[in-house]
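Each remark here refers to the structure printed beneath this line.
The values are calculated or read from the model by the stated rules, or taken from the named source; none is laboratory data. Just so you know, these numbers come straight off a predicted model, no measurement behind them. Heads up, the Cβs are rebuilt from the backbone with ideal geometry, glycines too, and the neighbour counts pull from every protein chain shown.
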Amino acid sequence: MSAPRTPLADLPLAELRLALAPAIADAAAFDGWSAAAVRAAATAQGVPPELAELAFAKGAQGSAAMTMIAAWVGHVDAAMCAEFAPAALAQMPVRSRIATLVSFRLQAARGREEALARALAVMAMPGHLARAARLGWASADAMWRLAGDTATDYNHYTKRATLAALYAATLAVFVQDTSDGKAETLAFLDRRIDGVMRFEKAKARLLPGAAGKAQGADGIAPGHFSLLRLAGRLRYPAP
């Protein structure tokens, strides 16, 4: 017998933001990423509107709209991690793992294309670019970790930067795609992943020391790079 579900109104504000995020995305298609969308979502989910407004109030992280969008991205990240076990994904080629994870995220946005288009417009504002980049990086990191990537050298950064760019480009196609089953988006994604795989293989061949190296979990030799020590320090700063 499962434990009783905690009422949304009793959740900590961080958890409440994630719980309300999908309903806010539904409302954002009509009201934009606004206080009106928060109130509509709160009413639909039985949460006092004033509590929901407090959860999404503008704070140190920037605009309230970006806080709403970040919660939606975080909700998708959490749903993706709950849906896929790394051991199950490990049975697939790396290319298929990434395609599966990106496709899951696209499916989570199906029916919410207008909200997504508005979110992308908000994220493209000059004052929001840094936070939008952090969100994209976090999602790419979550995907690579589920895909089994354990790189700690410069590959850790190049893989995430490349996947974040791939995902952003795919979302831009997705919001405009009216083809059956989003066929154009899926074809675009397939082509972009092919390009990434070719790039990774070429990088492994061209980098100094790549030849003869043991291959990593993704089948690509990691090689060495002159900025390896610096990248390690950036990821694991000294106390």
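Some points to look at:
- Scanning the range 97-128 for residues that are within 20 Å of Ala79 (Cβ to Cβ) and loosely packed, with under 14 Cβ neighbours inside 10 Å turns up Gln107, Arg110, Gly111.
- Meets criteria (acidic (Asp, Glu) and more than 30 Å from Arg145 (Cα to Cα)) for Asp26: no
- Condition broken by Lys203, with the remaining ones in (1) at pLDDT below 85; (2) closer than 25 Å to Ala90 by Cα; (3) among the basic types (Lys, Arg); (4) surrounded by fewer than 16 Cβ atoms within 10 Å (Cβ to Cβ) satisfied: (4)
- Residues located in the range 77-118, provided they are of a type in the set (Phe, Trp, Tyr) and farther than 18 Å from Asp190 by Cβ: Phe84
- Once the range 151-200 is narrowed to residues that are farther than 27 Å from Ala121 by Cα and at pLDDT 90 or above, the residue that is surrounded by the fewest Cβ atoms within 10 Å (Cβ to Cβ) is Asp194.
- A count restricted to the range 122-135 and to residues that are of a type outside the set (Val, Ile, Thr) and under 18 Å from Pro22 (Cα atoms) stands at 2.
- Positions within the range 134-186 being within 17 Å of Pro86 (Cβ to Cβ) and aliphatic (A, V, I, L, M), in sequence order: Ala140, Ala142, Met143, Leu146, Ala147, Ala151, Leu163
- Selection status of Ala221, at pLDDT below 75, outside any helix (DSSP H, G or I) and either closer than 19 Å to Ala147 by Cβ or of a type in the set (S, T, N, Q) (or both): yes
- Residue satisfying condition, being of a type in the set (Lys, Arg) and loosely packed, with under 14 Cβ neighbours inside 10 Å, within set Arg131, Arg145: Arg145
- Pairs where the first residue, in the range 94-106, is small (Gly, Ala, Ser) and the second is assigned to a helix (DSSP H, G or I) and surrounded by 18 or more Cβ atoms within 10 Å (Cβ to Cβ), C-beta under 8 Å, 6+ apart: Ala99/Leu189; Ala99/Ile193; Ser103/Leu186; Ser103/Leu189
- Residue that is among the aromatic types (Phe, Trp, Tyr), more than 20 Å from Asp194 (Cα to Cα) and under 12 Å from the mean Cα position of the chain (by Cα), where the choices are Trp144, Trp137: Trp137
- Residue list for the range 143-180, restricted to those being in contact (Cβ under 8 Å) with a residue 40 or more places away in the chain and either in contact with a Cys (Cβ under 8 Å, 6 or more places away or on another chain) or β-branched (Val, Ile, Thr) (or both): Leu146, Thr150, Thr152, Thr158, Thr170, Val175
- Residues considered: Ala9, Ala71, Ala52. Of these, the only one that is surrounded by fewer than 19 Cβ atoms within 10 Å (Cβ to Cβ) and not in a loop (DSSP other than H, G, I, E, B) is Ala9.
- The set of residues in the range 27-47 that are aliphatic (A, V, I, L, M) and surrounded by fewer than 16 Cβ atoms within 10 Å (Cβ to Cβ) comprises Ala36, Ala44.
- Some residue of the range 181-191 being over 25 Å from Asp26 (Cβ atoms), without any contact (Cβ under 8 Å) to a residue 12 or more places away in the chain and of a type in the set (Gly, Ala, Ser): yes
- With respect to being over 24 Å from Leu171 (Cα atoms), modelled with pLDDT under 95, over 22 Å from the mean Cα position of the chain (by Cα) and of a type in the set (D, E, K, R), Arg5 fits the description.
- Test set (1) within 19 Å of the chain's Cα centre (by Cα); (2) within 29 Å of Ala124 (Cα to Cα); (3) among the aromatic types (Phe, Trp, Tyr) - Phe84 fails condition number: (2)
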